[in-house]
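The values are calculated or read from the model by the stated rules, or taken from the named source; none is laboratory data. Quick caveat, the model's predicted, so the values are computed rather than measured. Methodologically, a virtual Cβ is constructed for each residue, glycine included, from the backbone with ideal geometry; neighbour enumeration extends over all protein chains shown. Surface accessibility is based on the protein's heavy atoms, side chains included, excluding ligands, DNA and RNA. Shrake-Rupley method; radii C 1.70, N 1.55, O 1.52, S 1.80 Å.
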Amino acid sequence: MTNSKELFHDLVSKVVLPESKEEIYSIIYLLLENQLGWDRKNIMSEKKVDLSPTYFDPFINRINKHEPVQYILGEADFYGRKFIVNPSVLIPRPETELLVRQVVDVGLRSPKILDVGTGSGCIAITLALEIPNSKVVGIDISEDSLKVAGVNAVRNNAIVDFKLKSILQSISDINDLNIIVSNPPYITEGEKLTMKKNVLDHEPALALFVPNNDPLLFYKAIARQGLVSLKQGGLLFVEINEMFGSETVNLLSALGYHSVEVIKDMAGKDRMVKAIR
């Protein structure tokens, strides 16, 4: 029999990914929390563990093949809630929590919100829960993604209207919006060479990549839809590729948006753009 602290360090020693110690620790914390229901304090408290020494071997084997631990466990944390995830949706990231915080902090009452490229539904569902009396619509071109989003809405007791639609085609039946928010595909094909295997080999390319020759493809479509669907004075919030902050600002300004600004993430990188219709 071992204890929780010894088990933690034993599992850490079995992970052979080319990641920092902090990242590997984070992976094993998530694994133990999911499987044993313990937080970090419990894990370090040397609680007795009565498990077969080989119980965690299948998990470690998959982790060492660069499979994201969130897909292995079938869930991910976002904004203090649990969301079901699988390879049909992106894994929610801390930067996107900042995007949601920007929207929440506006403080609008009973807004109508559109989430473009909703994926797991983490943005739409969080906004529906965090903003009282909000009406939230989430669109995506993937039926599989929308199935996951629907399950997540039920799981988190949120009311969101999910629709199968493409922002690259004109949408006529979603109007009078106060806010459009999106974390669209923004990684160029040329950036694949620098990406980690856990993302490149497992997360959905449809939700990640844009052509090298048209990196602002989705921002053009979102902005043009905003001109039709946003009320005058409505707000646009988008997560961006840090390399195209000024280009995104120039695009929105040229289309008639005002008070366009870049917002940096926790690492000081250009990560979001906010604009007013």
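How about the range 41-112: which trypsin sites (Lys or Arg not before Pro) there are in a DSSP loop, with at most 10 other Cβ atoms within 10 Å of their Cβ?
Listed in order of number, the matching sites are Arg109.
For the chain, what % of the accessible area comes from carbon and sulfur atoms, probe 1.4 Å?
50 percent
Give, rounded to the nearest 20 debye, the magnitude of the charge dipole that the range 38-148 has about its Cα centre when Lys and Arg contribute +1 at Cβ and Asp and Glu contribute -1 at Cβ.
It works out to roughly 260 debye.
Please report the antiparallel percentage of the DSSP beta bridges confined to the chain, to the nearest 5.
Taking every DSSP beta bridge within the chain, about 45 percent pair in antiparallel fashion.
Which residues does a label at Gln102 reach in the range 167-190, if reach means a backbone N under 12 Å from a point 7 Å past the Cα toward the Cβ?
Hits in the range 167-190 for Gln102 at 12 Å: 180-184.
Any of Lys21/Lys197; Lys112/Lys163; Lys192/Lys269; Lys82/Lys231 with alpha carbons more than 22 Å apart? Name them for me.
Correct reply: Lys82/Lys231.
Putting +1 on Lys and Arg Cβ atoms and -1 on Asp and Glu Cβ atoms, find which of Ser253, Leu129, Asn152 reaches farthest to the positive end of the dipole of the range 128-277.
My answer, from the dipole projection, is Leu129.
Going by average Cβ neighbours within 10 Å, how do the peptides 123-129, 146-152 rank, with the highest at the top?
123-129, 146-152
Determine the per residue accessible area of the chain with all protein chains present and a 1.4 angstrom probe, expressed in square angstrom.
I get 49 Å² per residue for this part.
Could you tell me which of rounded, prolate or oblate describes the range 1-116, using a ≥ b ≥ c as the square roots of the eigenvalues of the alpha-carbon gyration tensor, with rounded for a/c under 1.5 and, failing that, prolate when a/b is larger than b/c and oblate otherwise?
Note, shape of the range 1-116 comes out prolate.
State, to one decimal in nm, how far the label point of Gln169 lies from the label point of Lys41, with both points 7 Å from Cα in the Cβ direction.
According to this spin-label approximation, the distance is 5.2 nm.
Could you point to the residue in Leu30, Thr54, His66 farthest towards the positive end of the range 21-78's charge dipole, with +1 and -1 charges on the Cβ of Lys/Arg and Asp/Glu respectively?
Positive-most Cα among the choices belongs to Thr54.
Just tell me which aspartates and glutamates come within less than 14 Å, Cα to Cα, of Lys41; anything on the same chain fewer than 8 places away is out.
Filter leaves Glu6, Glu33.
Taking the Cα centre of the range 144-267 as the origin and placing charges on Cβ (Lys, Arg +1; Asp, Glu -1), which of Met243, Thr188, Asn198 is farthest toward the positive end of the dipole?
Asn198
Quick one: grab the alpha carbon gyration tensor of the chain, order the square roots of its eigenvalues as a ≥ b ≥ c, and give me rounded if a/c is under 1.5, else prolate or oblate depending on whether a/b is larger than b/c.
prolate
If you take the square roots of the eigenvalues of the alpha-carbon gyration tensor of the range 152-277 and sort them as a ≥ b ≥ c, do you get rounded (a/c under 1.5), prolate (a/b over b/c) or oblate?
Since a/c reaches 1.5 but b/c is at least a/b, the shape of the range 152-277 is classed as oblate.
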